[in-house]
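Here is the structure we will look at.
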Amino acid sequence: MVQQSKYAHILVPVDGSQESLRAVRLAGEVACMTASTVELLYVSPFDASTDEGDVSWLPESIVRPAAEEAQEIFAAADVLLPERTVREHHHRTGIPAEEILRFIDEVDVELVVIGGRKLSRVSGFLLGSVTQTVLEHAHSSVMVAGSA
């Protein structure tokens with residue numbers, strides 16, 4: 001039986017990494033139990049709006065693929081979510097940690113499921129800087145998806 005919970009919106013920042021895909025799977029499981037919407041957020045450093053008027057300071061090969069890359073990342077995440085899971089795709093441009101925190105507040109996200117990063121065998125207990133920043137500053141609950 002699916003229960004309504006306080007987690008109406010579950011945010012999963014995605015970047016195509018194995019860590020973020022583990023977070024997608026975990027969020028999908030939680031969403032099925034709580035009838036939540038999974039909000040997939042991809043933050044890219046550049047997009048077409050980065051250009052200033054007619055003076056393009058970025059090559060087309062960098063600017064144009066941002067939307068294509070986002071769609072590829074969303075497609076990879078979508079196949080990991082249970083079919084009946086309601087999901088929304090959001091593509092933003094900027095510094096990932098800042099955009100994730102801004103999104104949390106704008107959408108009133110109640111739960112963030114984010115991938116942890118193992119940096120090496122010795123420092124594997126350390127989290128990536130984006131994950132650490134979200135843990136420290138998010139105005140919501142945060143769940144870190146660990147290694148399988």
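Is it true that some residue in the stretch 75-89 is outside any loop (DSSP other than H, G, I, E, B), of a type in the set (A, V, I, L, M) and modelled with pLDDT under 95? Checked against the condition, which is being outside any loop (DSSP other than H, G, I, E, B), of a type in the set (A, V, I, L, M) and modelled with pLDDT under 95, the stretch 75-89 yields no hits at all. Among the criteria (1) aromatic (Phe, Trp, Tyr); (2) at pLDDT 95 or above; (3) within 15 Å of VAL112 (Cα to Cα), the one TYR7 does not fulfil is (2). Annotation note: Cβ proximity below 8 Å between a residue of the stretch 100-124 that is under 20 Å from SER17 (Cα atoms) and among the basic types (Lys, Arg) and a residue that is modelled with pLDDT of 95 or more and crowded, with 17+ Cβ neighbours inside 10 Å (sequence gap 6+ or interchain) occurs for no pair.
Taking VAL55, is it modelled with pLDDT under 90 and among the β-branched types (Val, Ile, Thr)? Criteria met by VAL55.
The values are calculated or read from the model by the stated rules, or taken from the named source; none is laboratory data. Fair warning: this is a prediction, and the values are worked out from it, not measured in the lab. As a convention, Cβ positions derive from the backbone with ideal geometry for all residues, glycine included, and neighbour counts pool all protein chains shown.
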